[in-house]
Amino acid sequence: MRSDRERLLDILDAVAQIEKYSVRGRQAFESDELIQTWIVRHLQNIGEAASKISDATRSAHPEIAWANIVAMRNIIVHEYFGIDRDEYEIGLFPTETNTTKSR
């Protein structure tokens, strides 16, 4: 079984992988299916790793929205064709402001 430390390193690695292509911006994302797949796959990996983090580690870091991260993964995996791209694109691209839609 993987430790929390290993899973946190998996999350950091997935973030680094996303950053490789998100720096190209929204236009590259929207026009390149491979970039879309790359980014969405790594978002899924982040959610999967987060879902396996122990309750003790989650409790020690309440500033992290663990439930939202796992929920994002579940939406990507189970409702992929119903995803509103704007929901997961927010904040992915360095030129964007980190604002979200009113909910």
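We did not get these values from a lab; they are worked out from the coordinates using the rules stated. These numbers were taken from a predicted model, which means no experiment stands behind them. So basically every Cβ, Gly included, is an ideal-geometry build from the backbone, and we count neighbours across all protein chains shown.
Order by neighbour count: Ile64, Ile53, fewest other Cβ atoms within 10 Å first, most last.
Values: Ile64 14, Ile53 18.
The order, fewest Cβ neighbours first, is Ile64, Ile53.
Sequence gap at least 6, Cα distance under 8 Å: using those rules, report the relative contact order of the stretch 1-48 to the nearest whole percent. Walk me through the intermediate numbers first.
Details: 25 pairs, mean separation 22.6, N = 48.
It comes to 47 percent, rounded to a whole number.
Projecting each Cα onto the charge dipole of the stretch 4-89 (Lys/Arg +1, Asp/Glu -1 at the beta carbon, about the Cα centre), which of Ala28, Leu12, Val70 comes out farthest on the positive side?
Towards the positive end, the residue furthest out is Leu12.
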